[in-house]
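Data first, discussion second: the structure below is written as structure tokens.
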Amino acid sequence: MTAIIEIFIENWEAFLFATGMTLKLTAVSLVLAMVIGLVFAFFKISGSKILYSIAQLYITVIRGTPLIVQLMFLYFGIIQLVVLPAFWAGALALAIHSGAYIAEIFRGSIQSINRGQMEAARSLGMTYPLAMRRIILPQAFKRAIPALGNQFIIGLKDSSLVAYLGVSEIYGTALYAQAANFQPFETYMVAGCYYLVLVIIFTWLVNKLEQRLSVEQSEVTK
Amino acid sequence: MIRIKKLNKSFGSLHVLKDVDLSVSEREVVVLIGASGSGKSTLLRCINFLEIPDSGSDEISIMGQTVDPQKDNLNQIRSEVGMVFQHFNLFPHRSVLENVTEAPIFVRKLKKSAAVDMAMQLLEKVGLADKAKSYPDQLSGGQKQRVAIARALAMSPKIMLFDEPTSALDPELVGEVLQVMKELAKEGMTMVVVTHEMGFAREVGDRVYYMDEGKIVENGQPDEIFSNPKNERTRAFLGQLL
């Protein structure tokens, strides 16, 4: 126990920096993943066979291969074309990975909105994109929040794999530290605690958001 | 206002509307009656192109303009034709007021203040000005349907379509919705109403169409249809209701 506390104290600066890196990596990749997810969700519901097939292929390949393989494939693939810093290569790979799952989350939540909503919007003269943006998506997004929150937590933890591209996020920092102090058990324990705390905070935030949104709707305003 | 000739509509191999002719003049209230599955709602939905008629259909003209669903801007036509649905379809994430101002602001590009003024007048008209800030969840079925009528009227439509507007309501709430519809008719709104409320059809309708198996079997003045139906099937249908 004392060894763990020692390692915690010795490395707190490195881990604090690493936590910032993990959060940055997670935030950037998830914002990109949301955009990718939304685009491919629309491909799937577009009614176009070509777009549907493109989305289906993307989702099948991403879901069917390990993240670490995608990460390495993309990193060494991209290096052939453009020089991209490891951080951005990692963020991009994570985004492409999460995007596939988020696409399915968005598709499901959009399709779960009653058909009558779209019909009512169209009957008022709204175009399809306007009805989507003003009427369907706000409702679908709200419905997607629990599943999105879950996906975000997975994304946060998956960002640890970017350590293998040489990015000093939490897991990467633990890798270096244990190589120097020869105490892998205690060092990984510390790294694990950092992730655990981040996930707990994040879960709490998602729950708050969910509560606030459900209150907003049933709020009695008289 | 509406002229439809030989309209056909199929869903896959199911032929729902067969050579339907319908014409509605300005300020006329036309009521469509018939059993479930007879095609009344589909016909109504073809008038604002929520359903696209089969390509073999002869002609649909709305407000003197023949519409080609492949080429014409259907959004433009829909914005002139209001529709009220059986299940209200209010936007649950928007307040009552926002439900009414949504389309005027985003489709008609009205200033927000002007849209709010107009919406409040319309809510006043349907007797719900005090509910402007409520959300649809907090309203009764009858109130929801009256908001839905105000929402459709906010686009200043030339024609109003009603698709079984009272069928999802508890019996004691039907009256308040019919009352609003009667007032609209009195003001001279051109209306096409699918309903099972025969009292309303008789009192407010200028012309009643009876549909069966995708065809218009008989049409005429309400008094003729109800007291002296010529067609055997019309007689059988009305007989079941009494």
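For this structure, a couple of remarks:
- Of all residues in segment B:24-77 being within 14 Å of chain A (Cβ to nearest Cβ) and touching a Leu at 6+ places or on another chain (Cβ under 7 Å), the one that is most open to solvent (accessible area, probe 1.4 Å): B:42
- Number of residues in segment B:185-197 that are surrounded by fewer than 19 Cβ atoms within 10 Å (Cβ to Cβ) and not small (Gly, Ala, Ser): the value is 3.
- All positions within segment A:161-207 that are over 19 Å from residue A:12 (Cβ atoms) and among the hydroxyl-bearing types (Ser, Thr, Tyr): A:164, A:203
- Subset of segment B:133-149 [assigned to a helix (DSSP H, G or I) and within 13 Å of another protein chain (Cβ to nearest Cβ)]: B:136, B:137, B:138, B:144, B:145, B:147, B:148, B:149
Table: residues versus (1) under 30 Å from residue A:3 (Cβ atoms); (2) at pLDDT below 95; (3) assigned to a helix (DSSP H, G or I); (4) within 14 Å of chain B (Cβ to nearest Cβ).
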position: A:117; (1), (2), (3), (4): no, no, yes, yes
position: A:134; (1), (2), (3), (4): no, no, yes, yes
position: A:143; (1), (2), (3), (4): no, yes, yes, yes
position: A:164; (1), (2), (3), (4): yes, yes, yes, no
position: A:191; (1), (2), (3), (4): yes, yes, yes, no
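- Residue A:47 passes every criterion in (1) of a type outside the set (A, V, I, L, M, F, W, C); (2) under 14 Å from the mean Cα position of the chain (by Cα); (3) not in a helix (DSSP H, G or I) apart from (2).
- Tally of residues being assigned to a helix (DSSP H, G or I) and open to solvent by less than 70 Å² (accessible area, probe 1.4 Å) across segment A:68-100: 22
- Residue among A:109, A:123 that is of a type outside the set (A, V, I, L, M, F, W, C), in contact with a strand residue (DSSP E or B) (Cβ under 9 Å, 6 or more places away or on another chain) and under 30 Å from residue B:87 (Cα atoms): A:123
- Subset of segment B:198-242 (residues that are farther than 25 Å from residue B:183 by Cα, assigned to a loop (DSSP other than H, G, I, E, B) and either open to solvent by 30 Å² or more (accessible area, probe 1.4 Å) or touching a Phe, Trp or Tyr at 6+ places or on another chain (Cβ under 8 Å) (or both)): B:213, B:228, B:229, B:230, B:231, B:242
- Of the residues in segment B:109-132, not one is within 12 Å of chain A (Cβ to nearest Cβ), buried (at least 18 other Cβ atoms within 10 Å of the Cβ) and in contact (Cβ under 8 Å) with a residue 40 or more places away in the chain.
- Residues satisfying the stated conditions in segment A:43-67, i.e. open to solvent by less than 60 Å² (accessible area, probe 1.4 Å) and of a type in the set (A, V, I, L, M, F, W, C): A:43, A:45, A:51, A:55, A:59, A:62, A:67
- Tally, over segment A:15-42, of residues that are of a type in the set (A, V, I, L, M, F, W, C), modelled with pLDDT of 95 or more and open to solvent by 80 Å² or more (accessible area, probe 1.4 Å): 3
- Taking residues in segment A:125-139 that are under 24 Å from residue B:161 (Cβ atoms), and partners anywhere that are of a type in the set (S, T, N, Q) and surrounded by 20 or more Cβ atoms within 10 Å (Cβ to Cβ), the pairs with Cβ atoms closer than 8 Å and at least 6 places apart or on different chains are A:125/B:79.
- Annotation note: of A:152, A:73, the sole residue that is under 23 Å from residue A:24 (Cα atoms) and free of Cβ contacts under 8 Å to residues at least 24 places away in the same chain is A:73.
- Single residue of segment A:146-155 satisfying the filter (open to solvent by 10 Å² or more (accessible area, probe 1.4 Å) and not small (Gly, Ala, Ser)) that is farthest from the other protein chains (Cβ to nearest Cβ): A:154
- Residue among B:54, B:72, B:137, B:58 that alone is charged (D, E, K, R) and free of Cβ contacts under 8 Å to residues at least 12 places away in the same chain: B:72
- Looking across B:100, B:84, one residue alone is over 25 Å from residue B:40 (Cβ atoms), within 11 Å of chain A (Cβ to nearest Cβ) and touching a helix residue (DSSP H, G or I) at 6+ places or on another chain (Cβ under 6 Å). It is B:100.
- Across segment A:123-132, a minimum of one residue is classified as surrounded by fewer than 21 Cβ atoms within 10 Å (Cβ to Cβ), closer than 17 Å to residue B:104 by Cβ and within 13 Å of chain B (Cβ to nearest Cβ).
- Pairs linking a residue in segment B:77-102 that is on the phi > 0 side of the Ramachandran plot to a residue that is open to solvent by less than 10 Å² (accessible area, probe 1.4 Å) and basic (Lys, Arg), with Cβ atoms under 8 Å and 6 or more positions apart or on different chains, do not occur.
- The residue that is farthest from residue A:137 (Cα to Cα), counting only those in segment A:101-115 that are open to solvent by 40 Å² or more (accessible area, probe 1.4 Å) and away from every other protein chain (no Cβ under 14 Å), is A:101.
- Residues (under 18 Å from the mean Cα position of the chain (by Cα) and surrounded by fewer than 21 Cβ atoms within 10 Å (Cβ to Cβ)) located in segment B:80-108: B:80, B:86, B:87
The values are calculated or read from the model by the stated rules, or taken from the named source; none is laboratory data. These numbers come from a predicted model, not from an experiment. Reconstructed Cβ throughout: ideal geometry from the backbone, glycine too, with neighbour counts over all protein chains shown. Side chains are part of the model used for accessible areas, which takes the heavy atoms of the whole protein and leaves out ligands, DNA and RNA. Shrake-Rupley method; radii C 1.70, N 1.55, O 1.52, S 1.80 Å.
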